[in-house]
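Colleague: I am attaching a structure below and will ask some questions about it afterwards.
Read-outs: derived from the displayed coordinates by stated rules, not from any lab. This structure is a prediction, so every number in the text was calculated from the model and none was measured. Note that we place each Cβ from the backbone using ideal geometry, even for glycine, and neighbour counts take in every protein chain shown.
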Amino acid sequence: MTLKTTLTLLVGAASLYAAAQTPIYLDDTKPLEERVHDALSRMNVADKIAIIHAQSKFSSPGVQRLGIPGIWCTDGPHGIRPDVLWDEWDQAGATNDSCVAFPALTCLAATWNPDMAALYGKSIGEEARYRNKNVLLGPGVNIYRSPLNGRNFEYMGEDPYLTSRMVVPYIQGVQANGVAACVKHYALNNQEIDRDHVDVYVDDRTLHEIYLPAFKAAIKEGGAWAIMPGYNKYAGDHACENSTLLLDILKGDWKFDGVAISDWGAVHNTEKVAANGLDMEFGSWTDGLANGASNAYDDYYLARPYLKLISEGKADTALLDDKAARVLRLIMRTEMNRNRPYGSLNSQDHYDAARRIAGEGIVLLKNNHNLLPVAEDVKRILLVGENAIKMMTVGGGSSSLKVQRETMPLEGIAAHAATWGIEVNYERGYVGDTTGEYNGVTTGQNLADSRSSQQLIANAVKAAREADMVIFIGGLNKSDHQDCEGTDRKNFSLPYAQDELITALAEANPNTVVVMLTGNAYSMPWKDKVPAIVQGWYIGSEAGNAIADVIFGHVNPSGKLPFTFASSLTDYAPHTNSAPEMYPGVDGKVYYKEGLDIGYRHTDRLPSTNVNYAFGHGLSYTTFALGKPQLSTPTLSGSDDTITVTVPVSNTGNRAGSEVIQVYVHDKKSSLPRPYKELKAFKKVKINPSETVNATLTLDKNAFAYFDDNRQQWIVEPGEFEILIGTASDAISACLPIEISAPGIAWHD
Ligand code: BGC
């Protein structure tokens, strides 16, 4: 044997030996399930218990002796939260945890553009990845039931279809970074009052048609690797201990193979949580925001008490194996995925994405006499309102951020105005929240002002008389009882005497524009007195630039409302009779007696005066005309058939713009009562002046289905339907008949 042959044999033997030594779970060429199974087979009961509960505020351990890393979670959903101390909510004081704040999810939903959701998911996923977080605690997809819910700003509005279409690309974008999206708060977490215990009673049809579709889309289409059962109860059991939600629906019907991660402090009972489908426990003995016992991790329900149950033979070890396997799968999909990208933080791309999404999500509600965009002959603008100068990324609860930078509206508008030679003056107008601190993150702003409300209004009015144009920037903010986790709003009105102020400004200057930064609808007693209204949301780091883009016409607005702006609180069905059992509950129970009547599904039955601005409404600086739409077929007969709706859309104005074509389905006759119409397709199209483009939208049988609670199935009944086509839920310009001829097509999913 030559020396060369001998060496070759030796090298070959060594690599064979090495290969034989590489455990399957570490070998990423092996199938995921094989790796999970292998890792699990090497773990003892204590290892398995350890990986299914927290070891710190936001992390859980891996299995150190096997070299399996742990999990690091982060809020979500609008930016990557700053790091807190190991066992405290206080700041860790890190220097590398400042982020880009993306627009709140209400703004994302208002883009009505799934491409923006993909961009959002990709960008925030990159920030999470760079910060070495494995699980992003978001997005939030709870449906907008009441305008008083303090957390609506974290969600995507009132419509299950719109929310579903937006959540899927967000999740895919995040997870392409090897970071898990943890969709929250599953399910029926629609108010903050009594949020830890409120027990929700809702009929099955409403549950499946309104409150579950976005979660289902997140799991089945988005492939979310994690889900967060919320604080509330459903039909007597906490969401984290609810076998209907977790076992029957999530893991049964939807075949979820990821991890159900408790909301922080949402677990209450070891037996139930062990048996009913929760996989990981976080935040116990805290309220998720502030209070908490220290270093209580070993006492978690899924820690020592669970181990005790198992050692006494009182808990099924197969269920423990299932939980541990799911956690391992999550770790392998994220931290142990060697091929995932590296991510990036505070990149120009992320600022650009934030600004672009904001620009597409800002909604022009009203624009009489084309007051906007600002005309070139305007010489003096008066800006009024606290929200023009207030950092909005700090506060609001767990979504609070520590930003690398945030452009305030006054800065953004003044900078743009300067390039046009316009003078900008500022008046406070009202004093709202001056705290400037959340969870140890401080804005550094001193917003103290000792003037009385009357003085502030008088000063603003005086200045308004001298300006060519007034831009009021107000709304809500992130303090308690505004748009804030942990508390609901106390009423539907704007706080801090803003109604009085706006009315006075409008009287002083006919060119008054109102720009509202909120995550919720509000009453508008001044609606007919002001010529222009813009709904601006919470838009994050690029707030000032994005608002200026729209105000000065660099961006032509194309946002559409993702929820109804009704005239008064009682125009929302849960509040119609001011019945406390419907909101906020009596003796800890809340009954969703309004059923399907959420948002436009309810207001469609009311006179138009009960709505200020309808779901789907939003104007542009150009005008559009819809031509005669066409259906690809007048009859849907096979269960796999689809219908194409083609709508010619012309830009009849003189600047490029985007319009959102909305398709609603009306069932002319059905066995069960149905809402008058339901959104089933939409498409945003960009059109140059004098151009016509065809918007093509597709409907399949699912668009005609309803959930039959007796049969516990989605059903399509044969018969006559109408396809309603328009540019808002209250601006339907065409109605095409369609016949569903195949009898009783069942929903297959
Ligand atoms: C919130 C969650 C959040 C968690 C961790 C809870 O208070 O409800 O949305 O992800 O805290 O901060």
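Colleague: So for region 452-558, what percent of the C-alpha to C-alpha distances run longer than 19 Å?
Modeller: Counting pairs separated by more than 19 Å, the tail of P(r) holds 49 percent.
Colleague: Taking loop as defined by DSSP and a crowding limit of 16 other beta carbons within 10 Å, which trypsin sites (Lys or Arg not before Pro) in region 494-587 fit? Each step should come with its number before you reach the end.
Modeller: Values: sites: Lys527, Lys529, Lys560; in loops: Lys527, Lys529, Lys560.
Of the trypsin sites (Lys or Arg not before Pro), the ones in loops of region 494-587 whose Cβ has at most 16 other Cβ atoms within 10 Å are Lys527, Lys529.
Colleague: Give Lys251/Lys272; Lys593/Lys677; Lys462/Lys527; Lys379/Lys560; Lys390/Lys490; Lys255/Lys669 a once-over and call out the pairs whose C-alpha atoms are over 24 Å from each other. Please report the intermediate quantities before stating the final value.
Modeller: On the way: Lys251/Lys272 16 Å; Lys593/Lys677 20 Å; Lys462/Lys527 22 Å; Lys379/Lys560 31 Å; Lys390/Lys490 22 Å; Lys255/Lys669 34 Å.
Check vs 24 Å cut-off fails for Lys379/Lys560; Lys255/Lys669.
Colleague: Also: Which value results when the Cα radius of gyration for the chain is divided by 2.2 N^0.38 Å?
Modeller: Working: Rg = 27.0 Å, N = 749, 2.2 N^0.38 = 27.2 Å.
Normalised by 2.2 N^0.38 Å, the Cα Rg of the chain equals 0.99.
Colleague: Per DSSP H run of at least 4 residues, take -39500 (n - 2.57); add these up for the chain, divide by its residues and hand me the 222 nm value, nearest 500 deg cm²/dmol. Mind dumping the intermediate values first?
Modeller: Working: 16 runs with 176 residues, N = 749.
Dividing the helical sum by the residues of the chain leaves -7000 deg cm²/dmol.
Colleague: If we restrict to alpha carbons, what Rg and Dmax does region 580-669 come to, in Å?
Modeller: 19.5, 58
Colleague: Tell me which aspartates and glutamates have Cα within less than 18 Å of Lys529's Cα, excluding those fewer than 8 residues away on the same chain?
Modeller: Asp468, Asp499, Glu500, Glu507
Colleague: For region 218-308, just the Cα set please: Rg and Dmax, both in angstrom.
Modeller: Values for region 218-308 (Cα only, Rg and Dmax): 13.1, 39 Å.
Colleague: With no solvent and one point per C-alpha, what does the Debye sum give as log10 I(q)/I(0) for region 134-181 at q = 0.15, 0.18, 0.25 Å⁻¹?
Modeller: The Cα Debye sum returns log10 ratios of -0.42, -0.58, -0.89.
Colleague: OK, next. Going by a ≥ b ≥ c, the root eigenvalues of the Cα gyration tensor, does region 672-738 fall in the rounded group (a/c under 1.5), the prolate group (a/b larger than b/c) or the oblate group?
Modeller: Numbers: a/c = 2.78, a/b = 2.42, b/c = 1.15.
The shape class here is prolate.
Colleague: With a cut-off of 8 Å between alpha carbons and a minimum separation of six or more residues, what is the relative contact order of region 237-310 in percent?
Modeller: Numbers: 101 pairs, mean separation 22.1, N = 74.
Worked out over region 237-310, it gives 30 percent.
Colleague: How much length would be gained if the chain were fully extended between Asn44 and Gln712, taking 0.36 nm per residue of separation minus their Cα-Cα distance, in nm to one decimal?
Modeller: Values: separation 668, 0.36 × 668 = 240.48 nm, distance 4.06 nm.
Stretched fully, the Asn44-Gln712 segment lengthens by 236.4 nm.
Colleague: Follow-up. Round to the nearest 10 and give me the degree value, 0 to 90, for the angle of helix 498-508's Cα axis relative to the longest principal axis of the chain.
Modeller: Approximately 30 degrees, to the nearest ten.
Colleague: Restrict the search to region 385-436; then list the trypsin sites (Lys or Arg not before Pro) that DSSP places in a loop and that have at most 13 other Cβ atoms within 10 Å of their Cβ. Walk me through the numbers on the way to the answer.
Modeller: Details: sites: Lys390, Lys402, Arg405, Arg428; in loops: Lys390, Lys402, Arg405, Arg428.
Of the trypsin sites (Lys or Arg not before Pro), the ones in loops of region 385-436 whose Cβ has at most 13 other Cβ atoms within 10 Å are Arg405.
Colleague: Here's another thing I want to ask about it. Given q = 0.13, 0.22 Å⁻¹, what are the Debye log10 I(q)/I(0) values for region 92-166, with equal point scatterers placed on the Cα positions and solvent ignored?
Modeller: Listed by q, the Debye log ratios stand at -0.44, -1.02.
Colleague: Right, next: Could you quote the convex hull projected area for region 491-530, Cα atoms only and averaged over all directions, in nm²?
Modeller: Details: hull surface 11.3 nm².
That works out to 2.8 nm², a quarter of the Cα hull's surface.
Colleague: What percent does the relative contact order of region 46-185 come to when contacts are Cα pairs within less than 8 Å and at least six residues apart? If you can, show how the numbers build up before the last one.
Modeller: Numbers: 262 pairs, mean separation 34.2, N = 140.
For region 46-185, the relative contact order is 24 percent.
Colleague: Working from Cα positions, state the angle (0 to 90°, nearest 10) between the long axis of helix 317-333 and the longest principal axis of the chain.
Modeller: So the inclination is approximately 60 degrees.
Colleague: Quick check on region 522-675: take the gyration tensor over C-alpha atoms, sort the square-rooted eigenvalues as a ≥ b ≥ c, and tell me if it's rounded (a/c under 1.5), prolate or oblate.
Modeller: Details: a/c = 2.17, a/b = 1.09, b/c = 2.00.
Note, shape of region 522-675 comes out oblate.
Colleague: With 10 angstrom as the radius, rank Leu447, Leu596 by how many other C-beta atoms surround their C-beta, starting from the fewest.
Modeller: Details: Leu447 16, Leu596 20.
The fewest-first ordering by Cβ neighbours comes to Leu447, Leu596.
Colleague: Loop sites only, by DSSP: take the GluC sites (Glu not before Pro) in the chain that have at most 16 other C-beta atoms within 10 Å and name the longest stretch containing none of them. Provide the component values of the computation, followed by the final result.
Modeller: Numbers: sites that count: Glu88, Glu221, Glu312, Glu376, Glu466, Glu581, Glu691.
Formally, the longest exposed-site-free interval is 89-220.
Colleague: Related question: How far is helix 32-41 tilted, in degrees, relative to the longest principal axis of the Cα atoms in the chain, given as a value from 0 to 90 rounded to the nearest 10?
Modeller: 50 degrees
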